[in-house]
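Below is one structure, written out as structure tokens; the observations come after it.
All of the numbers you see were taken from the coordinates with simple rules; none came from a lab. Because the structure is a prediction, the values reported are computed rather than measured. Note that each Cβ is placed from the backbone with ideal geometry, even for glycine, and that neighbours are counted across all protein chains shown.
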Amino acid sequence: MADDFGQDLPPRVTGADADAIERSVEAALRPRSLDEFVGQQTVRDQLALVLRAAVRRGGSADHILLSGPPGLGKTTLAMIVAGELGASLRVTSGPAIQHAGDLAAILSSLDEGDILFVDEIHRLARPVEEMLYLAMEDFRVDVVVGKGPGATSIPLTLPAFTVVGATTRAGLLPAPLRDRFGFTAHLDFYEAADLARIIARSAGLLALDVDADAASEIASRSRGTPRIANRLLRRVRDWAEIHGSGKGDLAAARAALTVYEVDDRGLDRLDRAVLGALCTRFGGGPVGLSTLAVSVGEEPQTVEEVAEPFLVREGLMTRTPRGRVATPEAWVHMGLTPPANGASGMGQPGANDGHSRLFDA
């Protein structure tokens, strides 16, 4: 079999087999123990102490809350907790549990020592939260049977279990729920050196020969996030297999990341579109979120949750009471000349004159 350029290609895997292979690759990249988990040294040491003490006592571990931006390993750590304790893992999410009865059904099916992982736990409905408080503290739930004056409450005793909650917005957790967790940990963005180690490990699992320079290049463009690092590594693998020698060297890494529009600071198409609109259409700002989102053809929530955190962390954008503002560094990165009066851009041609800010957030 040959492609359009006359090159011989191996037999193509399609359909369910291809999906199964991709899922198995994703699962294989996850570390299975704390010893394999790279980075987050403080969290690893603290969590190891909690788990080893629980194993020595022969009981369930305290409830664990993991917070931090997406892609840093919260789900992976929940799986590691179950593995280290030798327990079964039940996985659900806050939006999936709409009613207290749904939670009661999940809790009643748990066995002694099981781990219940609740992703996006800050999105639980209020009645569900209240039932979870009681279950976490007293290991029981009250099941209401019937309606109206004839309704009765039946207490249901639960086996000891451990809740592992994950959230990207810890500030939205109500205090009563947050206080039920015996151990809380916040995951920070990774250093480039740790990401390079993760890339080297993942490359070995993918049977891809990646040199140190290529690993460092991918790590520097991964926004401090292992999930992004692994995703970019797979794209480098694709480029190396189709256009290169099959080896993930520096040239292959740079070429692949150019194809997928990831620049040398990790900015992607959306990031550059936001900065470009902010600098060229609005003179650097300030400009409201809704106006900025419309100008790049995205939803405000997408701009606020996907692009903004990274741009602010990189010092390319600031958020002010009057709106979003491009910093002088953003102008330079986009190949533009910063306005003479600083980062605000007020008074420059194309600057936001205030009309869009009247009704903008």
Handout entry: Whole-number percent relative contact order across segment 26-184, with pairs defined as alpha carbons under 8 Å at least 6 apart
Key = 30
Exercise for the section: Which order do the peptides 211-224, 312-325 take when ranked by the mean count of other beta-carbon atoms within 10 Å per residue, highest first? Expected result: 211-224, 312-325
Practice task
Return the Rg/Rh value of segment 227-308, two decimal places, where both radii are evaluated on C-alpha atoms and Rh is the Kirkwood radius.
Solution key: 1.12
Handout entry: Principal axis box of segment 191-259, alpha-carbon based, largest edge first, Å
Key = 30, 24, 18
Practice task
Based on a Kirkwood Rh over C-alpha pairs, give the Stokes-Einstein translational diffusion coefficient of segment 37-149 at 20 °C and viscosity 1.002 mPa s in µm²/s.
Solution key: 139
